[in-house]
Amino acid sequence: MTSSSTYNAWKLVSLSPLPSWALVALGAGLVLGVALALLGLRKEPLPARRAVLWTLRILAGAAALFFLLEPGIRNMQVATVKNRVAILVDRSASMAFPADSEGRSRAQVVARYLESVAPELQALSERFSLEIDGFDPALAPLSTQALNAEPPRGGRTDLLSALRAVKAQEQSGSQKRLSGILLFSDGADNAELQQGVAGRARAALSDLEVPVSTFAVGRDALRDLAVEAVKVDDFAFVRNMITVEVEVRGRGFGGQTIPVVLRREGQVVASKSIQLKSADDLQVVSFQLTPDQTGRFVYTVAVPVFPEEAVSENNSRSFVLKVIRDRVRVLLVVGRPTWDERFLRGLLRQDPNVDLISFYILRTMSDDPNVANPDRELSLIPFPMDEIFNTKLRTFDVVIFQNFGYTDPALSISQYEDNLERYIHEGGAFLMIGGDRSFGEGRVSFPILGRAFPLEATGLPASVEPFKPRLTPEGARHPITAVQSGASASESSWSSMPELPGMNFTRPRPGATVLLDHPGLQVDGKPAPVLGVWEYGRGRAAALTVDSSWYWAFTSHRQGSPTRHYDRFWGNALRWLVRDPDLTTLKVTADPPSVEPGKPVGVVVVARMPDYQPAADAEVKVDLLSVATQKVIATQVGTTGPDGMARVEFPPPEPGPYRVIASARKGERPLGEGEDAVAVRAVGPELSDASVHTDLMERIAAVTGGKSYRLPLSGLPDVPLLDPPVVEVGRSKDQPLWDRWYYLLALVALLGAEWFLRRRFGYV
Amino acid sequence: MTRRRYIGARMARWMPSRRAALAGLCGAVASAVWPRTARAFGDSSRFVPAVLQHRGKWDARLSGLRRLAWELGRRTSVEMVPDARPLPISSPKLFEYPFVYLGGDGGLPALSEDEVENLRRYLTFGGFMLVDANDGSDGGGFDADLRREVQRLLPQSPLTPIPSEHVIFKSFFLLDSAPGRLLRKPQLESCNLGKRAAVVYSQNDLAGAWSRDESGEFELEVTPGGESQRELAIRLGINLCMYALCLDYKDDAVHLPLIMNKRR
């Protein structure tokens, strides 16, 4: 056998040029021949002779097979390539939490450990290629110096994504095969593994096909109180109760009672107390609230901040709640049945967006129904004044008095006037429709409630001359009187409406807007108002000084060309009174309504002209108002595009609730104002949870075939790793064995000896 | 007697007593403080029944309608004009009177196309028509002609019986029956447009029970129930007016429990 210093391995090989099947066939033939020969010797009486002859034949056959296979030795030159072991270190913000009593952060504990096991890692590196990467959640190479010096800041923890990224490097061919992963983290995943290792997440871990050994770092004994989650619908219906569920976790607060407070833009809405039973306890507290206004509002749930808490930013959490209207709830109070009331009722009853509650005065004490037993013979019910003007008043979106005044003292509402006036001032809507009992001679004055009416009676007798109401310049732009699309079409419609048979004489109060007036009659030197509107406190009120708007519904159809002016007029009036967002000329929306800490606040403003066409090239100004301080902290300006839309952004403000207040103008013409709410969160998902999730780390190790450990640890444990190193062949040289003279001599000797003995024994 | 004393004596005859003066002063103060009786904006704000003029005998019961309006004003809070305004069926003025009465004693000649078109539009856009067979016919006379004309007028909304739980029977008075001067048919019939009864038809000559003569006496006898039946007919008339004015107000949920309680 020849050896060379350049070759460092060898193996036995067959050097026969024959193909495998030929070798197998010849070998089979050889074996058959030997077998037949042995069969021929079976009648040999002497066992010793038989044994000798068989042995000789078998040895000869083996020798022949040896020559057939042409054995040789192959000397080889081999090289060993190392597989990869990845060390992944979590660089998310939660790794900055303190991990030991000396105040070192979790990241620093990991750095210290890796430094302590550096010699063992060095030894491991002789068999495997080691690399250390940080993930936040993107992978990036990391040194222990950087681990010590640079605080972790990643906004999210996504363990599965990091593991996949490491595995993908192997599949892309950019890296060697992976033998194992060492994962250092606190396990506070807020991505796919947040809910644990189950379902698709579990399958994804199994698909890695590489053992992941986990090293959990962090201290369980952190003292921390956190509002972990708030569960509430995205929107609520006004005056409908909703439930807000708040999850509060306390670590290190066992046995303590904690107050939980719910605020709406600084105002306390509700508060409850919870008892934390154990050192690590999660309590759920529910708040029921009934929003009383439509719009978007920022609510904040907060628990107190205690000393030595690991993180204080997670003690409060804000959310934005949009409050909308389901149906407009209308209270219609009618002084006496008239055709005006009949057509208004017909319209409101058929509108699916209106929930109508009505009360008519069908009989006064001066009326004589001529019945012996009123209770049994009349369908009349007592007028529930206390219920509708007191208890249930604030359940209505709009209150309509249609020719409602009273000559009967039993129907006096003087004791409720205060409440009605306050209802309007605090955001309610009121409509006074004329007739003799409202502004006419038969009226009873409402000294307190009357302050909320945009028009006041003059005491003059009503005019009974037919006339056609005239649209004022303000009415030409107002949504109530827009009975057609476009200002000129609307004006034309008003001039085509039938004459009305008379009106009450009133005068507008200071600040009221007159939308329709009398073309000929005057009060105090100005055209007598027919329709007046105004904002009263947070509410709105309107007054119509005729009781014949039903002419627009009925009489206008006598010529056979039906219109919807009547429906549109009253529909617009209701929507304006309840502040329907679609009727505003300026719509302001915070986009998104909740913002993560450190992200900018975006606001979208949509401006429309008074005829509701998009207001292009309008100048928009947006203020960002801090609800906490009630101060404007920033202002942005912009210009609307062809679609009337503009978007502005504010640099990231401090956490807390804010209102964005916008105004727009086109040239000299103001286009209105609007506002919205936005919540800037105090903590992102990383800092809201200070706990160590050792269970998740253990599950990851178990599913992938790795092992789980907990820092601090002494030395590098024997972690499971895949596959021995791969051997690759470089140069090689074959050395034949079969052509040695002594092998040939042995074959000849065996064949010769067998032949001699066969002859001796008489077989040849 | 001196002149001054004479003048004083003469004046004393004409001066009111102190009691009367005090009463007058109270009255003046009261009228200043207390609202006067309301006057609506002319007739348009009041209930005024219109009567449709057709080419048959349409005016047999005008006094009944005037009486009905008067009873309505007396017994309820509705302000009315005690009148019956005759109007041609094709007149555009129909649209100023959301309540019309169509009665007939004998045949009802076919309406012209213009009349059908106008009346159909009137009913479609919210008008109410009370139809009354003054001759109490059933199968012939006014009844047969009326059914023919209703078929032309509202082919998609035929006459159907009004059930006893309909709001017409509780719109002011609680009623169980629908008598008129006669009680030929126990039920009223209606043509409904959506949920609204646009046409209500009685074969019992309702207005016949309401009619009074010049001296104020009721004109016609009511059979078989006599004066108690007449009172029920007046109440039914008032209920029909209230239905025209208030639609289904008494069907609102807030009224139901009380009404059901009363009916027990």
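Apart from one condition, A:Leu362 fits all of (1) crowded, with 21+ Cβ neighbours inside 10 Å; (2) in contact (Cβ under 8 Å) with a residue 60 or more places away in the chain; the exception is (2). Of the listed requirements (1) closer than 24 Å to A:Glu596 by Cα; (2) buried (at least 17 other Cβ atoms within 10 Å of the Cβ); (3) out of contact with any Leu (no Cβ under 8 Å at 6 or more places or on another chain), A:Phe297 misses just one: (3).
Scanning the range A:543-560 for any residue that is more than 14 Å from chain B (Cβ to nearest Cβ) and of a type in the set (A, V, I, L, M) turns up at least one such residue. Across the range A:99-126, the qualifying residues are those that are surrounded by fewer than 16 Cβ atoms within 10 Å (Cβ to Cβ) and among the hydroxyl-bearing types (Ser, Thr, Tyr), and the one among them that is modelled with the highest pLDDT is A:Ser116. Just one of the listed residues (B:Leu183, B:Leu188, B:Leu146, B:Leu175) is touching a residue at least 12 places away in the same chain (Cβ under 8 Å) and within 14 Å of another protein chain (Cβ to nearest Cβ), and it is B:Leu175. For A:Glu313, are the conditions met, namely being surrounded by 20 or more Cβ atoms within 10 Å (Cβ to Cβ), at pLDDT below 95 and among the acidic types (Asp, Glu)? Against the criterion (surrounded by 20 or more Cβ atoms within 10 Å (Cβ to Cβ), at pLDDT below 95 and among the acidic types (Asp, Glu)), A:Glu313 does not qualify. Give the range B:214-264 a look and list any residue that's surrounded by 23 or more Cβ atoms within 10 Å (Cβ to Cβ), away from chain A (no Cβ under 12 Å) and touching a residue at least 60 places away in the same chain (Cβ under 8 Å), or say none. B:Leu236, B:Gly237, B:Leu240 - these are the residues of the range B:214-264 that are surrounded by 23 or more Cβ atoms within 10 Å (Cβ to Cβ), away from chain A (no Cβ under 12 Å) and touching a residue at least 60 places away in the same chain (Cβ under 8 Å).
If you scan the range B:74-86, which residues turn out to be surrounded by 17 or more Cβ atoms within 10 Å (Cβ to Cβ) and within 14 Å of chain A (Cβ to nearest Cβ)? Hits for the range B:74-86 are B:Arg75, B:Thr76, B:Ser77, B:Val78, B:Glu79, B:Met80, B:Val81. A residue that is closer than 23 Å to A:Arg345 by Cα, within 22 Å of the chain's Cα centre (by Cα), crowded, with 20+ Cβ neighbours inside 10 Å and not aliphatic (A, V, I, L, M) occurs nowhere in the range B:134-143.
Might you check whether a residue that is part of a strand (DSSP E or B), touching a residue at least 12 places away in the same chain (Cβ under 8 Å) and among the hydroxyl-bearing types (Ser, Thr, Tyr) occurs anywhere in the range A:209-218? Among the residues of the range A:209-218, at least one is part of a strand (DSSP E or B), touching a residue at least 12 places away in the same chain (Cβ under 8 Å) and among the hydroxyl-bearing types (Ser, Thr, Tyr), which makes the answer yes.
Within the range A:536-551, identify whether any single residue is on the phi < 0 side of the Ramachandran plot, among the polar types (S, T, N, Q) and in contact with a Pro (Cβ under 9 Å, 6 or more places away or on another chain), and answer yes or no. There is at least one residue in the range A:536-551 that is on the phi < 0 side of the Ramachandran plot, among the polar types (S, T, N, Q) and in contact with a Pro (Cβ under 9 Å, 6 or more places away or on another chain). The set of residues from the range A:552-570 being among the aromatic types (Phe, Trp, Tyr) and farther than 21 Å from A:His478 by Cβ comprises just one member, A:Phe554. The numbered conditions (1) among the polar types (S, T, N, Q); (2) in a loop (DSSP other than H, G, I, E, B); (3) surrounded by 15 or more Cβ atoms within 10 Å (Cβ to Cβ) are all true for A:Ser129 except (2). Annotation note: of B:Gln229, B:Gln203, the sole residue that is out of contact with any Cys (no Cβ under 6 Å at 6 or more places or on another chain) and closer than 27 Å to A:Thr364 by Cα is B:Gln229.
State yes or no: is A:Ser548 polar (S, T, N, Q), more than 30 Å from A:Glu426 (Cβ to Cβ), modelled with pLDDT of 90 or more and touching a helix residue (DSSP H, G or I) at 6+ places or on another chain (Cβ under 9 Å)? Taking the combined requirement at face value, the residue satisfies it. Where strands (runs of 3 or more DSSP E) sit wholly within the range A:625-731, none has at least 3 residues that are in contact with a Phe, Trp or Tyr (Cβ under 7 Å, 6 or more places away or on another chain) and of a type in the set (Ser, Thr, Tyr). One residue stands out among those in the range A:27-67 that are outside any helix (DSSP H, G or I) and touching a residue at least 12 places away in the same chain (Cβ under 8 Å): the one that is nearest to A:Tyr743 (Cα to Cα), which is A:Leu41. Scanning the range A:300-310 for residues being surrounded by 17 or more Cβ atoms within 10 Å (Cβ to Cβ) and either over 30 Å from A:Phe237 (Cβ atoms) or at pLDDT below 85 (or both) gives a total of 2. Being assigned to a loop (DSSP other than H, G, I, E, B), of a type in the set (Asp, Glu) and modelled with pLDDT under 95, is that true of even one residue in the range B:250-259? Looking for residues that are assigned to a loop (DSSP other than H, G, I, E, B), of a type in the set (Asp, Glu) and modelled with pLDDT under 95, one finds at least one in the range B:250-259, hence yes.
Condition check ((1) surrounded by 21 or more Cβ atoms within 10 Å (Cβ to Cβ); (2) farther than 19 Å from A:Phe554 by Cα; (3) not hydroxyl-bearing (Ser, Thr, Tyr)) across all residues:
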residue	(1), (2), (3)
B:Ser91	no, no, no
B:Leu94	yes, no, yes
B:Tyr101	yes, no, no
B:Arg120	no, no, yes
B:Met129	yes, no, yes
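Which helices (runs of 4 or more DSSP H) does the range A:487-580 wholly contain that include 2 or more residues that are among the aromatic types (Phe, Trp, Tyr) and over 30 Å from A:Asp292 (Cα atoms)?
A:550-553
Inspection of the range A:145-160 identifies at least one residue that is hydrophobic (A, V, I, L, M, F, W, C), under 20 Å from A:Glu698 (Cα atoms), part of a helix (DSSP H, G or I) and in contact with a strand residue (DSSP E or B) (Cβ under 7 Å, 6 or more places away or on another chain). Checking the range A:686-693 against the condition returns no match, with no residue being modelled with pLDDT under 85, touching a strand residue (DSSP E or B) at 6+ places or on another chain (Cβ under 8 Å) and over 27 Å from A:Ala107 (Cα atoms). Scanning the range A:458-469 for residues that are surrounded by fewer than 23 Cβ atoms within 10 Å (Cβ to Cβ), part of a loop (DSSP other than H, G, I, E, B) and within 14 Å of chain B (Cβ to nearest Cβ) yields a total of 3.
Comparison of A:Val117, A:Val110 shows that the only residue that is in contact with a strand residue (DSSP E or B) (Cβ under 6 Å, 6 or more places away or on another chain) and touching a residue at least 60 places away in the same chain (Cβ under 8 Å) is A:Val110. Could you tell me how many of the residues in the range B:91-126 are touching a helix residue (DSSP H, G or I) at 6+ places or on another chain (Cβ under 7 Å) and within 11 Å of chain A (Cβ to nearest Cβ)? Counting residues in the range B:91-126 that are touching a helix residue (DSSP H, G or I) at 6+ places or on another chain (Cβ under 7 Å) and within 11 Å of chain A (Cβ to nearest Cβ) gives 11. Screening A:Arg608 on (1) within 21 Å of the chain's Cα centre (by Cα); (2) closer than 28 Å to A:Arg325 by Cα; (3) surrounded by 18 or more Cβ atoms within 10 Å (Cβ to Cβ); (4) at pLDDT below 90 shows it passes everything except condition (1). As for the range B:203-213, it holds at least one residue that is within 14 Å of chain A (Cβ to nearest Cβ) and either touching a strand residue (DSSP E or B) at 6+ places or on another chain (Cβ under 8 Å) or surrounded by 17 or more Cβ atoms within 10 Å (Cβ to Cβ) (or both).
The values are calculated or read from the model by the stated rules, or taken from the named source; none is laboratory data. Just so you know, these numbers come straight off a predicted model, no measurement behind them. Cβ coordinates were reconstructed from backbone atoms using ideal geometry, including for glycine residues, and neighbour counts include every protein chain displayed.
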